[in-house]
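Here is the structure we will look at, set down as structure tokens.
The values are calculated or read from the model by the stated rules, or taken from the named source; none is laboratory data. Please read all numbers here as calculations on a predicted model, not as lab measurements. We place every Cβ from the backbone using ideal geometry, glycine too, and count neighbours over all the protein chains shown.
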Amino acid sequence: YSNLKTVVVTIVFTTALASASAQSHTFKWVRNVHQQTVRDYSDGLSAYYENGFWGFITPKGDVAISPAFEEVGDFDNSLCLVKSQGKWGVINKEGTFVHKCEYDNISGFSDGVAIAEFNGVKHYLYSDGKKKQLSSTYEFNEYSDGYTRIKDRKKGKWGYADLKGVFRINPVYDSATDF
């Protein structure tokens with residue numbers, strides 16, 4: 001019985017090797033892979049790291065955006081945070097800048113708006129490329145369900161503003177949470 005078992009194992013192993021050898025001759029590279037790191041896909045593109053910079057590829061392995069960034073986020077609603085020469089900006093899926101890399105930091109987009117800081121001054125960045133400088137009188141937060149919590153720094157009270165920055169609830173509350 002043990003000799004039969006050895007013969008069966010040998011036949012199965014030899015068949016597997018022959019099958020793998022036959023398959024290796026039919027294998028075809030779709031694209032040469034030089035990337036050192038490839039991340040999961042987001043919005044149909046995957047970030048990859050090559051020669052010290054990040055870029056993006058398609059599911060077929062084609063380069064969608066050439067590696068040119070020190071750091072990148074994931075695409076969300078066709079926008080991605082990118083860092084170049086130590087500053088942050090925002091690109092679209094074509095690799096075109098929606099906001100140039102000139103900010104010290106940028107939060108993620110929420111309801112189409114991100115908070116960015118440049119030389120200590122905060123701005124709202126909009127997904128359509130517009131921006132709005134924020135008053136230092138107030139503490140601004142990220143949007144949630146179309147509203148942002150805003151604190152009046154002098155009074156220490158909280159209120160809410162809409163996506164256009166118009167107060168919908170004046171700052172009269174001791175505390176507030178996101179919607």
query: Taking the stated definitions as given, is Tyr124 among the aromatic types (Phe, Trp, Tyr) and within 23 Å of Ser78 (Cβ to Cβ)?
result: yes
Odd one out for Ala20 among (1) surrounded by 10 or more Cβ atoms within 10 Å (Cβ to Cβ); (2) modelled with pLDDT under 90; (3) more than 16 Å from the chain's Cα centre (by Cα); (4) not basic (Lys, Arg): (1)
task: Mind telling me which of the residues Ser84, Ser107 ends up being closer than 20 Å to Ser46 by Cβ and of a type in the set (Ser, Thr, Tyr)?
output: Ser84
- request: Would you be able to tell me the number of residues in segment 32-55 that are touching a Gly at 6+ places or on another chain (Cβ under 8 Å) and under 20 Å from Val98 (Cα atoms)?
  value: 1
